[in-house]
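What follows is a short report on a single structure.
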Amino acid sequence: MLTSQLDHATRTETSAQLESGGGQIVELPGESDWREARDAIAGAVQVDIRFGKFNDGRGFTLAAHLRERAGYKGHLRAVGALIPDQAQFLKRVGFDAVSPDRTDLAADWARAEARFSVVYQPAVRGPLAVPAKRIESGADLAVLNARYGEADALDILRDAVTRTWRGRIALLSSFGAEAAVSLHLLSRIAPATPVLFLDTGRLFAQTEQYQRELTQKLGLTNIRILKPQASDVAREDVDGKLWSRDSDACCAMRKVRPLDGVIGDYDALITGRKRFHGGERMKLPAVERVNGTMRVNPLARWSAEEVQAYFRRYDLPRHPLTDMGYASIGCWTCTAPAHSDDVRSGRWAGQDKSECGIHRPLPVAAE
């Protein structure tokens, strides 16, 4: 289903072998170590990488490593729990085909592929593959985290926006309780940098008001509002209560997939996450890789006190709901005032859930 970008001779040979039943086909779990997999796929004409869950991105990392590090040039197919909005990632890391568990989304797959233009290219012929571009430009996790280790948030942002990912970076903002800090920092460097705002259709009216107010006050000139597909909402949330039955599915439809639809336009995203938020964020690095895209977290080391001091220093407007005890603000359906010192205790209260999914899977450490 995905267009192969292998050279013609290799593609023809592979197709002939597959069609005649010749050649070895190897299936690997997405969580496989590429170094161990390298020996298992020696001589294989096709490698299938199985995705157990749509939001487990380890299969993307494995594919990129097999192409770029192991030098695998055969047919690479993604199989399992996949969704159409992942087409862009599959192409970027080197997949030639996809065989999803769901068989009723052929039209959605076709549309997803049609709107994505950057595809995998083998090294030597044509443009460098996207992972190779990142490595060549110095955008390696170990290098970047060493560079940003103790750097000031403003310096990290300036380097990320004007040097490392110039023209290929955006800030991801919820326009929530602490969002003004990241947005203000960005406005001091490059206010025309794209800002991605996920309008889930379930936001508080106060958040929508705050987004307009901050945008104007800070002089931000490139707000990109992302919304869920109307057809997805009509099909998957008929009664508008999907959030109460399956909050993960609701987040996937209203946040994860809309972001996936545009994330291929950028090599890196800036976030406002911080370690003091707790949970999965306690070990947050300055830079991480999620599904092939770098995430820059310039405020990772900031404390709650530093955040509040910044608000006071620059007289930044506060989200209207913070005075009512809301310390972290998302959709009105799944957000309540914080009920402890944990700033995110009001998110999905009563559920074993603390993240919406746009920052998952957690990155694989740099090698």
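The values are calculated or read from the model by the stated rules, or taken from the named source; none is laboratory data. Values in this document were obtained by computation on a predicted structure and should not be read as measured data. Neighbour counts are summed over all protein chains in view; Cβ atoms, including those assigned to glycine, are modelled from backbone coordinates with ideal geometry. Only protein heavy atoms, including side chains, enter the accessible area calculation; ligands, DNA and RNA are left aside. Shrake-Rupley method; radii C 1.70, N 1.55, O 1.52, S 1.80 Å.
Inspect the range 306-318 for any residue being at pLDDT below 80 and assigned to a loop (DSSP other than H, G, I, E, B) and give the result as yes or no.
For the range 306-318, residues at pLDDT below 80 and assigned to a loop (DSSP other than H, G, I, E, B): absent.
For D239, the criteria (1) touching a Gly at 6+ places or on another chain (Cβ under 8 Å); (2) at pLDDT 85 or above hold in every case but one, which is (1). Among the residues of the range 48-70, those identified as assigned to a strand (DSSP E or B) and surrounded by fewer than 24 Cβ atoms within 10 Å (Cβ to Cβ) are D48, R50. Restricting attention to the range 24-39, the residues that are within 16 Å of K73 (Cβ to Cβ), without any contact (Cβ under 8 Å) to a residue 24 or more places away in the chain and open to solvent by less than 70 Å² (accessible area, probe 1.4 Å) total 1. Filtering L185, L203 for residues that are buried (at least 21 other Cβ atoms within 10 Å of the Cβ) and modelled with pLDDT of 95 or more leaves a single hit, L185. Looking at the range 261-276, is at least one residue farther than 17 Å from S173 by Cα and either out of contact with any helix residue (DSSP H, G or I) (no Cβ under 8 Å at 6 or more places or on another chain) or among the polar types (S, T, N, Q) (or both)? No.
Summed over the range 271-298, residues that are open to solvent by less than 20 Å² (accessible area, probe 1.4 Å), part of a strand (DSSP E or B) and over 25 Å from Q229 (Cβ atoms) total 4.
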